[in-house]
Structure formats: C-alpha cells, structure tokens
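Shown next, in structure tokens, is the structure this report addresses.
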Amino acid sequence: MILSDTIKTKYKLDTKGRNTVEMAKLLKDCGVKGFLIAVNPHSIVMAVLPEDKEHNRKAMEGLRNE
C-alpha cells in the first residue's frame, strides 16, 4: 500500500476509551484494511485505499453492532 494513493476516511465508532494501539489491533482482528491515523471518543480516522472503502464499511457495521 502506497500512502500517497490512500484517502482519509472517518468512521463513526464508539472507541470505549481504547488507545490507538488497542484500536489498531481490534480493527486488524475484524478484517479492516488500512492505517489508523487518529482515535477520538466516538470516531476513528483511517487512511484506506479507495477499493477497500466499501469492504471496511461492511466490517465496521459488525463492530458497531457488538
């Protein structure tokens, strides 16, 4: 993945007080593709390839419903 080819995408997700490392591991375990840039209390910002954007949206739905 070349970072210059990525787009920044914001996902609404309750992080439940997790830090960046904990969120990155959780996202990787759930099959989300991309680099975690920032973690806020109710959202995360990631750099993802345009072709992975739809896949990540579906993976995030599973995380939101847990």
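In plain terms, the residue of Ile2, Ile44 with the fewest other Cβ atoms within 10 Å comes first and the most crowded comes last, giving Ile2, Ile44.
Take the Cα radius of gyration of the chain and divide it by 2.2 N^0.38 Å, N being the number of residues; the result is 1.01. Each of His55, His42 was scored by other Cβ atoms within 10 Å of its Cβ. Arranged with the fewest first, they read His42, His55. Computed per residue of the chain from DSSP H runs no shorter than four, each worth -39500 (n - 2.57), the mean residue ellipticity at 222 nm is -10000 deg cm²/dmol.
Read the figures in this text as sums done on the coordinates, not as results from a lab. All values reported here derive from a predicted model rather than from experimental measurement. As a convention, Cβ positions derive from the backbone with ideal geometry for all residues, glycine included, and neighbour counts pool all protein chains shown.
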